[in-house]
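Shown next, in structure tokens, is the structure this report addresses.
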Amino acid sequence: MKKYLLIIAAAFLLLTGCTQETIKPPDLDISSEDGMITAVTGTYGWTENSESIQADSDTPPNIVEFQEDELIVSQGEVLNLVFKKTPEDVQVNIWNNDEVVKQELDDNKLKVPNELGSVVYEVVVEYEQGTVHYAFEVTVEN
């Protein structure tokens, strides 16, 4: 009898453990004429289904090294922010060394600067479920 109870308890624990979902904010994709990348998720606070999670990260210039793909763009090209969930507010910054410069965003589109080289962006998004900081890097070429 103990053997059956042990088997039933183990099966119950296995099934309930497998059905729990970890909550996390949605991904943010960035598209251009030349391709699409997924931004790295940085610091965030997220609440969903009565569960909350807080995560902290390094600064955008340091976390973009975890970006999976490279995006090479032209000077003045337009980048499109593609949200999986509708945001309530969006702010975009460029990190240039230790200087943070706010960028204009129009209909989830932003214009690449004319300077050549690496550009690190930070996108701070307010959703109904919380605030998420994303980071991505593009390489500006002629």
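The values are calculated or read from the model by the stated rules, or taken from the named source; none is laboratory data. All of these numbers come straight from a predicted model, not from anything done at the bench. Every residue, glycine among them, receives a Cβ derived from its backbone with ideal geometry; neighbour counts consider all protein chains shown.
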> Got a sec? Which of Asn80, Asn108, Asn114 is within 29 Å of Glu51 (Cβ to Cβ) and of a type outside the set (Ser, Thr, Tyr)?
Replying inline: Asn108
> Would you pick out the residues in segment 20-50 that are closer than 19 Å to Glu126 by Cβ and in a strand (DSSP E or B)?
Replying inline: Leu28, Asp29, Ile30, Val40, Thr41, Gly42, Thr43, Tyr44, Gly45, Trp46, Thr47, Glu48
>> I'd like to verify a number: residues in segment 106-142 that are basic (Lys, Arg) and under 17 Å from the mean Cα position of the chain (by Cα), how many?
In response: 1
> How many residues, within segment 92-142, are hydrophobic (A, V, I, L, M, F, W, C) and either at pLDDT below 95 or assigned to a loop (DSSP other than H, G, I, E, B) (or both)?
Replying inline: 3
